[in-house]
Number of protein chains: 2
Amino acid sequence: MVGLPKAHLAGFSTLFFLSRAFGTSAARTAAERLHIGNMNSKVLGASYAVRGPVLDRALELQNELSANPDSLPFEEIVQCNIGNPQSLGQLPLSFHRQVISLVMCPEMLSEANMETTSKLFNADTIARAKRYAASVPSMGAYTHSQGIHLVREEVKEFIEARDGVGSVDPEQIFLTNGASEGVRITMQCMMRQGDNDNDGVLVPIPQYPLYSASCALMNGALVPYYLSEEAGWGLELAELQSQLDAARDKGIAVRGLVVINPGNPTGNTLSYENMKDIVEFCVENQLVLMADEVYQENIWRPDRPFISFRKVAVELGYRDEQGSDLQLISFHSVSKGFIGECGIRGGYFELFGIDDDVKAQMYKLASISLCSNTPGQVMTGLMVKPPVDGDESFPQYRDERASTLASLKRRADKVASALDSLPGVHCRPSDGALYAFPRIDLPDKFVKEAEKDGMPADEVYCLKLLSATGVVVVPGSGFGQVDGTWHFRTTFLPPEEKVDGVMERITKFHNAFMEEYA
Amino acid sequence: MVGLPKAHLAGFSTLFFLSRAFGTSAARTAAERLHIGNMNSKVLGASYAVRGPVLDRALELQNELSANPDSLPFEEIVQCNIGNPQSLGQLPLSFHRQVISLVMCPEMLSEANMETTSKLFNADTIARAKRYAASVPSMGAYTHSQGIHLVREEVKEFIEARDGVGSVDPEQIFLTNGASEGVRITMQCMMRQGDNDNDGVLVPIPQYPLYSASCALMNGALVPYYLSEEAGWGLELAELQSQLDAARDKGIAVRGLVVINPGNPTGNTLSYENMKDIVEFCVENQLVLMADEVYQENIWRPDRPFISFRKVAVELGYRDEQGSDLQLISFHSVSKGFIGECGIRGGYFELFGIDDDVKAQMYKLASISLCSNTPGQVMTGLMVKPPVDGDESFPQYRDERASTLASLKRRADKVASALDSLPGVHCRPSDGALYAFPRIDLPDKFVKEAEKDGMPADEVYCLKLLSATGVVVVPGSGFGQVDGTWHFRTTFLPPEEKVDGVMERITKFHNAFMEEYA
């Protein structure tokens, strides 16, 4: 055999020879089984409140109810802890599911069965399914790691039509298993684990806990900026600047800014002027703008239509090009709003002004997971390119969409106004998204009790609410809030016929609670 | 407002107050845009050869072919770089796809359409789909983060029937987007990023590059143990022990042992005796045994039936319990073999002897991604519980399965023997999995040329092979190999009618190559 001076382990050779520095004092390490005390502390340090202690208790109560239906003061658990519309009765869009169903079953698309298939489905539905089916060798094959090209073309067209400015390159689109995978890939690229333990990212408070969890896992510092509850959960530039300055003064290398618009959990939507300022702030401070826009089709205020950060950027003169002054990554998902296909796990992220060699690293990360699931990819295509006026399937799609959106709007109004009417509870109307985030003025006596028990007072409140009503909400401490204020997040997703009952149970509990601690 | 002494940012408060140590010399950090030079070096250091430079070149050639079909010495690119059966014409199992199709389309399961649906599908297919549909509020809802309970019950029954010993708790099963997600979760828990930069895991060489990539991303040391090519790619205990000792002497805390059985890329299968020794080795050295068993249904040797590490463990007297001496995590996937549903992204991992509080951390990680995709979960259920004798759908399932397996076996034999007959190429018959991993005695002159160009010689060989034949294979250096030896991995997945042509093109290229460098 030929002896060569260098190792032939392409790529991972670096692991052995470059990144290991054992020094001179190495001693044989002792064997120890895996236990909670010797796990990765970054995992231990991460938390994800949406599925935290309140949900754990809810699952226990669910089991009690199943075993003995009369054992609790309510008949069912109502999960308002998570934006999971179809778990609470929202129906899927027929067209979307029909196309997925057809692409999954090649024989239904075969000529031999076309007569029967045509009895079940419209011609445009079948044509659309055939188009997806023809774009890949099989839905059971790994796709390109950025996703099926046809779907990325559809995303491109959607963004161009939505924004009305500039053009989009499908090579800048990555299809993902929901938006959270895109956030993971982005964070993993930005946070220099080990090399610089002071990397950070600006995250709104309150925030969706995916960001705090991703930060914690990647050893990044979460640099909080507080949304102004008084200003309807507005984003104030002075607050951004002061938090950024403070973090950089402490030696944190702040790499990015997360903006959630429409807001989660706040339901706030940003104005065009505000967004311009945010874009310029990112340029000035060389921050990657991470735009979480997953609620873009769930806006309830007619005077505040959705505007994407990409549109604002292009209108300010920025271009998606190498070395761009603005670096923007936008996230979208099939999980939310009137589509609500959480379980299918589809979504995309779009790069703007990100260098090609950085993109190549993101592609490598996507490659390690091979590709996102194909039904989710197709669902993403259907989300961005639904039937249009003139299509056979359009009337049904239009009616289903309108009915779900109208019902969501009615429930949003009902939940917010019912909560706002409770003593010591302040809840602004929701502009968009799926949540209300009321502030509760918890009685001093109660807060002190909770403090003694070492628990955040709002978590105790949510646990009490759950035990009394079966309603699962998430304490504000899971999202972050100004010290000494207390909130909870509730979705307004219970089916319309149940919303009144849920609100009645909450009202009864809350009044009794306030009396008890008055 | 009530001022409290502690922060109310449950969970992520630790980020601000515990894990940040800025020291006293903090100075304001400079703003710098994201570029290749200031990314996470762990990402830069990871590599994933299955989709590396050879595939990139193949995609370029594909575009050339599309633009000008006569421009190259071959008519098509044949991707033998990745186990992606359906991309090369393998047909999906009809029953499996029919059930997925039905669960995706609630109206096909409705009473109103049942007459038409019954014309397309067997009664047992419809019944199975109804069962999955009834087990969740909707396929569009997030499931439990470990997956649909019914599917986990099916996995439990499958494992118990397969192994014939002991019982399995469905609470120990996690459904995932393919097996790679499970490996990521496991690695992320074991590798103490930042706290102990000398954590490592024993990985076979040659290996599937998912393991080296996961290691690199989690800042873990890949501790190689070499499979013995002379002994048919066997796993030798003495080699394991000596590599473990050497690593521990260097101060590496070796936390786990990866075993891929049947082997990827080697196609080797382990004997029962060998597996017993491996289990005891893990117990003795307190290593988590990570058993990659995704090729368990792809075994070509009748005298070497699949045996799971779980079965061996139970027969050795180990139990899945708190504080167990043996810690085992087994991985399975819907992507491989006669199922081959790579694009659907389904799979599971099973815990054995892992502490509950460690499992709770894995659950938290799964929660951050919410859940794996529901079509993939259902496909996992169908994989572990296919139709059985007596079911209306059984004959078609049996025939499709038998036909695909027989064809895979014929192709495995054909590819291995054709490669083995080439001058300077040594290829053993494949026991299982989807790959051949021939050794090539590359001429000295060629190796020296490649060395001058700074490239692994086998990578240059694979690029030349691609340019001459359109056949995409992966160089051995992407999997690891003994210094001075050269290999490539090829799947034997081209459609049966094309295998002869592919082997002819390879033979012609290789003979000319050997003459040129003789």
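Every number in this text was worked out from the coordinates using simple rules, so none of it is lab data. Here the structure is a predicted model, which is why all the values come from computation and not from measurement. All Cβ positions, even for glycine, are placed from backbone atoms using ideal geometry, and neighbour counts span all protein chains on display.
Points to keep in mind about this one:
- For residues of A:452-463, the mean tally of beta carbons on other chains within 10 Å: 1
- Residues B:272, A:397, A:211, arranged from fewest to most other Cβ atoms within 10 angstrom of their Cβ, appear as B:272, A:397, A:211.
- For residue B:237, neighbours were defined as the other residues whose beta-carbon sits under 10 Å from its Cβ, and their charges (Lys and Arg +1, Asp and Glu -1) total -4.
- Inter-label distance, nm, simple model (7 Å from Cα along the C-beta direction), residue B:236/residue B:249: 1.7 nm
- Annotation: the residues A:491, B:117, sorted from fewest to most other C-beta atoms within 10 Å of their own C-beta, follow the order B:117, A:491.
- Per-residue average of Cβ from other chains inside 10 Å of A:93-104: 5
- What you get for chain A, charging only the Cβ of Lys and Arg (+1) and of Asp and Glu (-1), is a dipole of about 1240 debye around the Cα centre.
- Inter-centroid distance (Cα atoms) of region B:416-445 relative to region B:227-265, Å: 23 Å
- Residues listed by number, region A:350-390, amide nitrogen under 15 Å from residue A:160 label point at 7 Å toward C-beta: A:385
- Separation in nanometres of the label points that stand 7 Å from Cα toward Cβ, at residue A:389 and residue B:91: 4.5 nm
- Among the listed pairs A:409/B:364; A:364/B:409; B:445/B:498; B:156/B:276; B:414/B:464, a Cα-Cα separation exceeding 27 Å is found for A:409/B:364; A:364/B:409; B:445/B:498.
- Extending 7 Å from Cα along the Cβ direction at residue A:444 and again at residue B:118 yields two label points whose distance is 7.2 nm.
- Distance between region B:177-218 and region A:329-385 - C-alpha centres, whole angstrom: 24 Å
- Per-residue packing, averaged as other Cβ atoms within 10 Å, sorts the ranges B:373-381, A:159-167, A:125-133 into the order B:373-381, A:125-133, A:159-167, beginning with the highest.
- The relative contact order of region B:405-518, computed from alpha carbon pairs under 8 Å that lie at least 6 residues apart in sequence, is 29 percent.
- The GluC sites (Glu not before Pro) found in region A:327-394 include none that occupy coil by DSSP while having at most 13 further C-beta atoms within 10 Å.
- Cβ-to-Cβ counts within 10 Å put A:105, A:80 in ascending order as A:80, A:105, the fewest first.
- Whole-angstrom Cα spans of region B:152-239 along principal axes, big to small: 39, 37, 21
- Shielding value for A:372-379 is 6, the average number of Cβ atoms from other chains within 10 Å of each residue's Cβ.
- Sorted on the mean count of surrounding Cβ atoms within 10 Å across their residues, most packed first, peptides A:259-267, A:445-453 read A:259-267, A:445-453.
- Here region A:139-384 is assigned +1 on the Cβ of each Lys and Arg and -1 on the Cβ of each Asp and Glu. Its dipole about the Cα centre then comes out at about 680 debye.
- Put simply, the Cα atoms of region B:66-164 extend 55, 41, 27 Å along their principal axes, the longest span coming first.
- On the beta carbon distance between residue A:417 and residue A:451, with R0 = 35 Å, the FRET formula returns roughly 0.65.
- Within region B:372-397, backbone nitrogen closer than 18 Å to the virtual label 7 Å beyond the Cα of residue B:131 toward Cβ: B:375-397
- Virtual paramagnetic centre 7 Å along Cα→Cβ of residue A:35, amide N under 17 Å, in region B:303-329: B:321-328
- Value of D in µm² per second that Stokes-Einstein yields for chain B, Kirkwood Rh from Cα pairs, at 4 °C (1.567 mPa s): 52 µm²/s
- With N counted as the residues of the protein assembly as shown, its alpha-carbon radius of gyration over 2.2 N^0.38 Å works out to 0.92.
- Relative contact order [Cα under 8 Å, 6+ residues apart], region B:139-384, whole percent: 26 percent
- Normalising the average separation of contacting C-alpha pairs (under 8 angstrom, six or more residues apart) by the number of residues puts the relative contact order of chain A at 20 percent.
- Difference of contour (0.36 nm per residue) and Cα-Cα distance, residue A:360 to residue A:271: 28.7 nm
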